[in-house]
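Data block below; observations after.
The values are calculated or read from the model by the stated rules, or taken from the named source; none is laboratory data. Fair warning: this is a prediction, and the values are worked out from it, not measured in the lab. Here the Cβ positions follow ideal geometry from the backbone for every residue, glycine too, while neighbour counts run over all protein chains shown. Keep in mind that these areas ignore ligands, DNA and RNA; they rest on the heavy atoms of the full protein, side chains included. Shrake-Rupley method; radii C 1.70, N 1.55, O 1.52, S 1.80 Å.
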Amino acid sequence: MDEMGPIINEFLTESYENLDQLDQDLVELEANPNETSLLASIFRTIHTIKGTCGFLGFSKLESIAHVGENLLSRLRDGEMQMTPQIANALLAMVDAVRQILSCIENDRAEGDVDYSNLIEVLHKLNNGEPVDDISTGGSNGNGAQEVVAETPIPEQSNGSSENQPAETGSVETPASSPEEALPEPVADPTPPTAADSPATNSDTKPAVPEASAAATDKKPSAGESSIRVDVHLLDQLMNLVGELVLSRNQIVQFASNEKDSNFISTTQHLNQLTSELQEGVMKTRMQQIGNIWSKYPRVVRDLSQSIGKKVRLEMEGKETELDKTLIEAIKDPLTHMVRNSVDHGIEMPDVRVANGKDPEGTLSLRAYHEGGQVNIEINDDGGGIHPEKIKKKAIEKNVITAERAAKMSERELISLIFAPGFSTAEQVSNISGRGVGMDVVRTNIEKIGGSIDINSKAGKGTALKIKIPLTLAIIPALTITCKGSRFCIPQVSLLELVRLDPDRAEKEVEMIQGNPVYRLRGNLLPLVYLSQELGFTGAAIREGESVNIVVLQADNKQFGLVVEKILDTEEIVVKPLGNQLKAITAYSGATIMGDGKVALILDVMGLAQNARVISEESRSSETSTHSDRSEALNGEKQTLLVFELTDESRMAVPLSMVARLEEFKWEEVELAAQKEVVQYRGDIMPLIHLSKFFEGSASTQDKTGSMQAIVYCDRGRNVGVVVERIVDIVEEAIEIKTGTGRKGTVGSAVVQGKVTDMVDVEGIILEADPGFYAENEDEKLLAATTEGDI
């Protein structure tokens, strides 16, 4: 039942609102029994409650609503006339429904009260049979029990011995809560006998203080804890908060030049309050992604049945929240991808059985927050995407040339499904085949600052991953300058900042095939000069100046944006561009800075495309994560350095990660902080023995001779990886089998006809020296503390 909690709460809120209106409508209907519009409204409300509680499994509530609906149906159709007796019965039904709702809210159960008397009265009225008078007077707190009494007695209000008139109770003052009143059928208005009175009093009087205590401690009901607000009002409130944030930024910037401590303190308080207000207003616009996922079970069911497939839908993370604007923007793209997975991805049952699979396919949706973004994954265990089939179709439809296709990797070929007009469907249907789907999906997702990536394995299935920001209105951004102008970069695309002094920039910025690159932790990072991309004239970097590199990520492809200065990070309010600037792909919007001047927001994806960092056919590539490093090595020819350890196990590393091969005499090895080091090119270079890392024992080499070491260099720091014997340098196309290698490897592959472990050099270095990649002394100290060295 916990999983249904949000649905039940919504049902309770809506039902309480409807019941309050029902009280008024029934009283008005009693005065105007021929008012058909009132009857229709009352009928619809009871019908809605009955249908929803049937879906939620509340059978007692459903049975009461059902008999009431039958009676209302006859009244609506003109077969019966409204009478005070019928009005009392219907009001009694409303009070019973309200009390059951209260039990559901408190205990997620319908309570133990028996409403068979009330149901019997409603049945008799529906059949035109005579019934005894029905009281709607207030209850003493035990009214629920008195409804089902075999010998009904007159109602006693709040423990009073005076009889209440049958027509006055609910009509003038309807019960304000389920605990206060529930009407009872009255068989005989005769006062109770003296023998009955003590029992009645003893039953009813203790209930009064209990009810009072419960009322004191009772938490607000579902109807009292939420209100409905027009979306337009929320949008207007969000715009006002955005303007407040801009004013806050201006005041904060002004305060930075002031020396008045009171003014500075007030500014800080204003800054804090504005941030809290912004966060609160943002929360009012957040909705669960389950709101759009709720229709997918029906979509998958209907579609799978229409094409003769069996598909099971699994959903995880339905409670993940994001901005309402983004919910609306991704609704259609997500629906398209779900339909695509059922239509194109999952195979027919007989095909799945022939391939050794379960005849029922699985389609899973997963949503979660990560790094200030919402990640949505759509996975199926279907037939996957066949690169050769994609290549053939792409050439047929003139999406790419045969020469271009021959040079494309599998990932690039698979990403062609995002090309305009491309489809693999053999025939056009009402489901697919028109070639306007995935291209529009990608365009719509990128419009809201998101990205989409696809991975597929023929015969195994396909995985789509979407990344979108939490909101579009107010975002954290990095402010930079270029040729004296300020620009903002959304922080969601920012990975790290690198600063090279003039000497390092001259040595470490290399040119490969005419394109500038920087070797960042062993990986080549393409460099894009912002001034050149924006069309500024003059040198991108003045001679003798430091180089500031903003490392960005566009569709899993990293590149370095070279800028003039890096200023600061702050929250900015995104303003849309005018029609004159919308066609410029380098910009995604504008904002007003603290000094009142306008700064343009850079479109990271657009810059990457303009600089040809990512191709139009494929907007995704490998990243430097452990799992993707193995994938980056697959399929294409790699130059590898092959070596052996003491147990003669073969290992290899990409030659691109090797700075030099060196031999050191054992007598040159010294100890520093209990670690082996050698003096190397005017510096102290630590040594890592792979034999000790993998086998737990040091090398068995003759320590009177020399050792062989692979020198790895990053940001001017060297580390020597000691191996037993260098075997060869080979160029070979390999396929990494992940999960088969040991710790410290990214997997295994067949090299020169022998199984070879691919070494994760960066991972081994980090484990041996967590501070190796630290940028400053504080980070090194923290890493050493974590490791337990100090």
For Glu110, what residues show an amide H to amide H distance below 5 Å, using hydrogens built from the backbone and excluding near sequence neighbours? none
From most to least accessible, 1.4 Å probe, no ligand or DNA/RNA atoms counted, Tyr587, Tyr296 line up as Tyr587, Tyr296
Based on the mean of other Cβ atoms within 10 Å per residue, sort peptides 32-40, 319-327 so the most packed one is first. 319-327, 32-40
Hey, what do the phi angles of region 398-405 turn into as Karplus ³J(HN,Hα) couplings, whole Hz, using 6.51/-1.76/1.60 and θ = phi - 60°, x for Gly and Pro? 6, 6, 9, 8, 5, 5, 5, 4
³J(HN,Hα) across region 450-460 via Karplus (A = 6.51, B = -1.76, C = 1.60, θ = phi - 60°), whole Hz, x for Gly/Pro? x, 8, 9, 10, 10, 10, 8, 10, 4, x, 10
Can you give me the long-range amide H partners of Arg521? Hydrogens built in the peptide plane at 1.01 Å from N, cutoff under 5 Å, separation of 5 or more residues or another chain. Arg715
Rounded accessible area of Lys331 (nearest 10 Å², 1.4 Å probe): 60 Å²
Find out how many positive minus negative residues lie around Lys309, taking Lys and Arg as positive, Asp and Glu as negative, among other residues whose Cβ is under 15 Å from that of Lys309. -2
Using a cut-off of under 12 Å, list every residue of region 60-99 whose amide N is near the label point 7 Å from the Cα of His47 along the Cα-to-beta-carbon line. 69-70, 72-74, 76-77
Provide the three semi-axes, in whole Å and in decreasing order, of the ellipsoid equivalent to region 476-611 as defined by the square roots of 5 times the Cα gyration tensor eigenvalues. 25, 16, 14
Using mean Cβ contacts within 10 Å as the protection proxy, how do 748-756, 442-450 order, highest first? 442-450, 748-756
